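Peer 1: Let me begin by handing over the structure; questions about it come next.
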Amino acid sequence: MRVILNLIWLIFAGIELAVAYVIAGLILMITIVGIPFGLQAFKLAGFALWPFGRAVVRARKPGVVAALGNVLWVVLAGWWLALAHIVTGLVLCLTIIGIPMGIANFKMTSLAFAPFGRDVVSRDSLDSLPGDAVTVR
């Protein structure tokens with residue numbers, strides 16, 4: 001089921017969102033200061049391509065640097081990437097088949113706002129990881 005959802009996701013939302021993340025990453029990596037932000041954008045691009053069967057896990061103690069990075073991220077790129085998730089989610093929810101993918105988009109909105117201090121892992125490895133997880137089913 002995950003493969004089918006991922007293929008439908010790829011066609012209707014994944015490619016567009018991944019391209020948006022890659023463009024944001026390339027723009028952010030122009031300066032040396034923006035490299036960590038660009039790396040986060042590339043990590044999110046991979047997650048946006050194939051989200052079902054993967055989960056986002058928060059770090060135990062992200063720290064002040066991650067919080068500051070998230071604040072800067074929202075200002076630089078997070079707000080329009082989150083807006084892209086919301087718009088895509090609303091469009092996908094217009095059809096019955098698109099509802100699970102629309103819900104996945106809404107779940108990914110929080111990640112678009114705060115990517116620092118989080119890791120993308122396989123859902124199969126969630127049992128062995130500490131902390132809470134935000135999963136996309």
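The values are calculated or read from the model by the stated rules, or taken from the named source; none is laboratory data. None of these values were measured; they are calculated from a predicted model. No Cβ is skipped: glycine too gets one built from the backbone with ideal geometry, and neighbour counts run over all protein chains shown. Areas reflect the complete protein model, heavy atoms only, side chains present, ligands, DNA and RNA absent. Shrake-Rupley method; radii C 1.70, N 1.55, O 1.52, S 1.80 Å.
Peer 1: Select from L83, L28, L68 the residue whose mean-square fluctuation is largest in a Gaussian network model of the chain (Cα-Cα springs shorter than 10 Å).
Peer 2: Result: L68 has the largest fluctuation of those listed.
Peer 1: Any idea what the relative contact order of the chain is, in percent, if you count C-alpha pairs under 8 Å spaced at least 6 apart?
Peer 2: Working: 186 pairs, mean separation 43.2, N = 137.
Reported relative contact order: 32 percent.
Peer 1: How big is D, in µm² s⁻¹, for region 68-108 by Stokes-Einstein at 20 °C and 1.002 mPa s if Rh is the Kirkwood radius over C-alpha pairs?
Peer 2: On the way: Rh = 10.7 Å.
Here the translational diffusion coefficient equals 201 µm²/s.
Peer 1: Continuing with this model, one more query. By how many degrees, 0 to 90 and rounded to 10, does the Cα axis of helix 63-73 deviate from the longest principal axis of the chain?
Peer 2: 70 degrees
Peer 1: Top to bottom by accessible area (1.4 Å), largest first, where do F116, F47 land?
Peer 2: On the way: F116 35, F47 0 Å².
Of F116, F47, the descending order of accessible area is F116, F47.
Peer 1: For the chain, what is the convex hull (Cα atoms) projected area averaged across all directions, in square nanometres? Mind dumping the intermediate values first?
Peer 2: Working: hull surface 31.1 nm².
So the mean shadow area of the Cα hull is 7.8 nm².
Peer 1: Right, next: Could you point to the residue in G98, V19, A67 farthest towards the positive end of region 1-134's charge dipole, with +1 and -1 charges on the Cβ of Lys/Arg and Asp/Glu respectively?
Peer 2: The residue sitting most towards the positive pole is A67.
Peer 1: Given a 1.4 angstrom probe, what's the average accessible area per residue across region 27-80, in square angstrom?
Peer 2: Values: 3080 Å² over 54 residues.
Averaged over the residues of region 27-80, the accessible area is 57 Å².
Peer 1: Run the helix sum for the chain: -39,500 (n - 2.57) per DSSP H stretch of 4+ residues, divided by residue count, reported at 222 nm to the nearest 500 deg cm²/dmol. Kindly include the intermediate steps, with their values, before the conclusion.
Peer 2: Values: 6 runs with 77 residues, N = 137.
My calculation for the chain gives -18000 deg cm²/dmol from helical runs alone.
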